[in-house]
Amino acid sequence: MRKIHVIGIGAGDPEQLTLQAVRALGSTDVFFILDKGEVKSDLTQLRRDMLDAHIPQGSYRVVEARDPERDRSAGGAAYSPAVGDWRSARAGIYERLIAEELGEGETGAFLVWGDPALYDSTLGILEEVLAKGAVDFEYDVVPGISSVSALVARHRTGLNRVARPVQITTGRRLAEGFPDGVDDVVVMLDAHQVFRQYADQDIDIYWGAYIGTPDEILASGPISEAAPRIEQLRAEARERKGWIMDTYLLRRNPKKPQEPQEPHEPQEPQAPKVQ
């Protein structure tokens with residue numbers, strides 16, 4: 001039986017690999033890496049650097065395949081079908097890699113940025129491959145340090161406050177309105193800097209890009225003050241690298257209770273004056 005490890009490799013720092021992840025790396029025969037093109041070649045190199053740092057060369061093979069393009073212009077009702085088409089294209093690639101590059105009794109691995117259970121498609125795609133029935137394998141999941149955990153650690157803050165919930169959402173959802181009943185919101189996949197539409201509210205932002213890598217950038221403060229700085233940092237980074245991967249936490253400050261008004265003492269009724 002073929003076996004697959006789905007290994008969370010953290011937000012970019014090779015030292016963020018867990019001991020469980022290192023053990024999984026050491027038991028892998030073939031690593032599958034999807035190449036996202038020359039612009040994002042440093043993401044592929046970071047994965048290779050992790051392998052070089054933790055397991056001896058010559059004990060494994062690396063097989064690369066080109067990641068299919070997703071229609072990023074699709075919006076509104078076309079967004080979900082576009083994502084579905086992209087995931088199906090990926091499933092076809094995964095199926096071929098496992099069938100052709102992984103022998104019976106061998107173990108392969110997909111190295112997943114951050115944590116495989118948080119805004120990543122790998123687990124769903126593997127289930128799609130299994131459902132088609134053309135290739136059989138078993139798989140396990142090794143959790144990793146997500147960009148969310150790395151973000152709040154770098155800003156030395158927590159995700160939530162005492163007895164209060166936290167919500168993780170996307171920029172697309174945040175554009176529809178700030179979530180009800182939640183004051184701490186983590187936003188991922190925001191290509192349009194939706195946080196700007198909340199600059200008139202008493203909300204702090206904790207923002208980070210390329211977290212855990214040598215290119216890491218951090219900024220924080222009230223949105224009204226931090227937004228212009230983040231916009232500039234983001235534009236400069238995107239121009240320099242050709243891509244950007246960022247995450248942020250929005251923290252709405254509770255309204256201060258109004259000071260109670262001192263009650264007015266009722267005045268004694270006065271007798272009418274006699275002329």
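Note the full-extension length gain between R161 and A82 as 0.36 nm times their separation in residues minus their Cα-Cα distance, in nm to one decimal.
24.8 nm
Could you list L123, L34 in order of exposure, starting from the residue whose Cβ has the fewest other Cβ atoms within 10 Å?
Ranked by crowding around the Cβ, least crowded first: L123, L34.
Report for the chain the percent antiparallel among DSSP-assigned beta bridges with both residues inside it, nearest 5.
In the chain, DSSP labels about 40 percent of beta bridges as antiparallel.
What spacing in nm lies between the two simple spin-label points modelled at R240 and D215, each 7 Å away from Cα in the Cβ direction?
0.9 nm
Answer with a single label: of [x] 0.95; [y] 1.03; [z] 1.37, which was calculated as Cα Rg over 2.2 N^0.38 Å from the structure in view?
From the options [x] 0.95; [y] 1.03; [z] 1.37, the structure gives [z].
Give the angle, between 0 and 90 degrees and rounded to the nearest 10, that separates the Cα long axis of helix 223-241 from the longest principal axis of the Cα atoms of the chain.
Rounded to the nearest ten degrees, it is 20.
For the range 148-252, take the alpha-carbon Rg, divide it by the Kirkwood Rh, and send me Rg/Rh.
Reported Rg/Rh (Cα atoms, Kirkwood Rh): 0.94.
Order these by the 10 Å Cβ neighbour count, fewest first: H5, H54, H192. Kindly include the intermediate steps, with their values, before the conclusion.
Details: H5 21, H54 14, H192 11.
Listed from fewest to most nearby Cβ atoms, that is H192, H54, H5.
If you fit an axis through the alpha-carbon atoms of helix 41-54 and take the longest principal axis of the Cα set of the chain, what angle between them do you get, 0 to 90°, nearest 10?
Its long axis makes an angle of about 70 degrees.
How much length, in nm to one decimal, is gained on full extension between E104 and R229, taken as 0.36 nm per residue of separation minus their Cα-Cα distance?
Roughly 39.7 nm would be gained on extension.
Kindly provide log₁₀ I(q)/I(0) values, in the same order as q = 0.22 Å⁻¹, from the Debye equation applied to equal alpha-carbon scatterers of the range 55-198.
Log10 of I(q)/I(0), two decimals: -1.45.
Counting only DSSP beta bridges with both residues in the range 2-145, what percent are antiparallel, rounded to the nearest 5?
Rounded to the nearest five, the antiparallel share is 5 percent.
The numbers here are math on the coordinates, done by the rules we state, and not lab data. These numbers were taken from a predicted model, which means no experiment stands behind them. Every residue, glycine among them, receives a Cβ derived from its backbone with ideal geometry; neighbour counts consider all protein chains shown.
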